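The values are calculated or read from the model by the stated rules, or taken from the named source; none is laboratory data. Note that the structure is a prediction, hence the values are computed from the model and not measured. So basically every Cβ, Gly included, is an ideal-geometry build from the backbone, and we count neighbours across all protein chains shown.
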Amino acid sequence: MNVSTKLLAAAVGVALSLSAVTVNAQESTSGFYAGAGVGQSFVDEGRYDDEDTAFSVFGGYEFNRYFALEAGYVDFGELEPTIAGPSAEADSTYLVAVGSVPITDKFSAYAKAGWNRWNVDTRVPVLIGSTDDSGSDPTYGVGVQYRLNDRVAFRGEYSRFELEETELDIAQLQVRVGF
């Protein structure tokens, strides 16, 4: 993904977030929330074409039913190369703006965009041990949410985390609890 595409995605995310804040702010269901998810991570870059079980935890503040800020942690699992080489374990912490569009009273769709701080540990042969690489790049995703009641919601989400030249995707099911 080139720089102009990244900037366009970030600009669209910010514009959606700002418009969500101004639209019907009085119809708010504001408050803190937390949750956890499990799913599948996918990578298809260079010598890696693998998938593994991924886990996430997150928390945020919903300003109204259209806009929230969310922070979280994702463990992408262990990624094995398709040819000889070291396996890698990746994880990320992130901060995103979340724009939601209610479809019914209980069902909504959302998009999120922000920044992630990633870490990749690569196991190298015994003489070297392991290498650690980290950095910061954009992250974005889309999802749907079903509110079971005023506090508990189920989410299905697909997100992309950029790690320098690599794109790591995650599809997951999440449970969200409001406070």
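Name the single residue, out of those in segment 51-104 being hydrophobic (A, V, I, L, M, F, W, C) and more than 15 Å from the chain's Cα centre (by Cα), that is surrounded by the fewest Cβ atoms within 10 Å (Cβ to Cβ).
Residue satisfying both the conditions and the ranking: 84.
Show the residue pairs that are 6+ apart or on different chains and have beta-carbon atoms under 7 Å apart, the first residue being within segment 70-81 and in contact (Cβ under 8 Å) with a residue 24 or more places away in the chain and closer than 14 Å to residue 169 by Cα, the second being aromatic (Phe, Trp, Tyr) and surrounded by fewer than 21 Cβ atoms within 10 Å (Cβ to Cβ).
Listed by first residue and then by second, the contacts come to 79/48.
Within segment 70-80, can you find the residues that are modelled with pLDDT under 95 and farther than 20 Å from residue 135 by Cβ?
80
Which strands (runs of 3 or more DSSP E) does segment 82-168 wholly contain that include 3 or more residues that are modelled with pLDDT of 90 or more and under 16 Å from residue 66 (Cα atoms)?
Numbers: elements: 88-102, 107-123, 130-147, 152-163.
Result: 88-102, 107-123, 130-147.
Cβ-Cβ under 6 Å, sequence separation 6+ or interchain: first residue in segment 51-62 and touching a residue at least 60 places away in the same chain (Cβ under 8 Å), partner surrounded by fewer than 17 Cβ atoms within 10 Å (Cβ to Cβ) and not in a strand (DSSP E or B). Which pairs?
The qualifying pairs are 62/30.
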